[in-house]
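The values are calculated or read from the model by the stated rules, or taken from the named source; none is laboratory data. On a predicted model such as this, the values are computed, not experimentally measured, just so you know. Virtual Cβ from ideal backbone geometry, glycine too; neighbours counted across all protein chains shown.
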Amino acid sequence: MPRIERSATVTWEGNLARGTGLISAATGAFSELPYSLPIRIGAGNEGKTSPEELLAAAHAGCFATGLAGELTRRGTPPGRLEIGCLITMDEVEGKGHQIVHSTIDAVARVDGIDTAGLDEAARAADQGCPFSELIRASAGVTINARLEGGS
């Protein structure tokens with residue numbers, strides 16, 4: 001695989017408490033997504049995003065392609081994968097707010113595989129996921145995988 005480089009830009013106006021920022025992808029996939037400190041730490045999103053939400057999307061997207069690849073290599077390509085990711089940021093003593101955990105929840109529609117096979121593919125996908133590795137360097141990662149219709 002060739003070297004991959006991607007970039008994004010942020011513009012920020014104002015102080016921390018009342019300022020606002022706009023996040024844009026160099027590819028144009030998204031442009032000027034608004035964010036602010038109150039949105040990052042508050043319960044409501046008011047149609048705005050946050051770096052943590054973008055990290056959750058990136059981790060879920062990376063894991064999804066990894067799991068699809070693992071399942072395909074095993075001769076059981078997925079019909080559908082639904083991947084959710086929850087990024088948790090919390091106060092860490094002496095360090096301020098830090099990303100402390102990422103939880104992936106995967107639901108897979110796959111013919112010809114059992115729960116053990118899915119778990120094995122999910123572990124391999126996690127081990128090969130650059131975002132799992134990045135997050136695991138300073139936080140925890142949990143992977144939950146189940147077959148569609150299973151519990």
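Quick look at the numbers
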| read-out | value |
| --- | --- |
| Residues located in the stretch 22-46, provided they are in contact with a helix residue (DSSP H, G or I) (Cβ under 9 Å, 6 or more places away or on another chain) and in contact (Cβ under 8 Å) with a residue 12 or more places away in the chain | 23, 33, 35, 40 |
| Members of the stretch 7-47 found to be assigned to a loop (DSSP other than H, G, I, E, B), over 22 Å from residue 99 (Cα atoms) and hydroxyl-bearing (Ser, Thr, Tyr), listed by number | 27, 31 |
| Residues (of a type in the set (Gly, Ala, Ser), touching a residue at least 24 places away in the same chain (Cβ under 8 Å) and exposed (fewer than 12 other Cβ atoms within 10 Å of the Cβ)) located in the stretch 108-151 | 112, 138, 150 |
| Considering residues of the stretch 26-77 that are in contact with a Pro (Cβ under 8 Å, 6 or more places away or on another chain), among the hydroxyl-bearing types (Ser, Thr, Tyr) and buried (at least 16 other Cβ atoms within 10 Å of the Cβ) only, the residue farthest from residue 147 (Cα to Cα) | 35 |
| Filtered residues of the stretch 74-130 (kept if closer than 19 Å to residue 57 by Cβ, of a type in the set (D, E, K, R) and in a strand (DSSP E or B)) | 80, 82, 105 |
| From 80, 109, residue being more than 22 Å from residue 55 (Cβ to Cβ), out of contact with any Pro (no Cβ under 7 Å at 6 or more places or on another chain), modelled with pLDDT of 95 or more and in the same structural domain as residue 56 (by TED's automatic domain parsing) | 80 |
| Any hit, the stretch 80-91, residues being surrounded by 12 or more Cβ atoms within 10 Å (Cβ to Cβ) and either without any contact (Cβ under 8 Å) to a residue 12 or more places away in the chain or more than 22 Å from residue 130 (Cα to Cα) (or both) | no |
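Per-residue answers, yes or no, for (1) within 28 Å of residue 4 (Cα to Cα); (2) within 12 Å of the chain's Cα centre (by Cα):
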position	(1), (2)
84	yes, yes
89	yes, no
95	no, no
119	no, no
124	yes, no
135	yes, yes
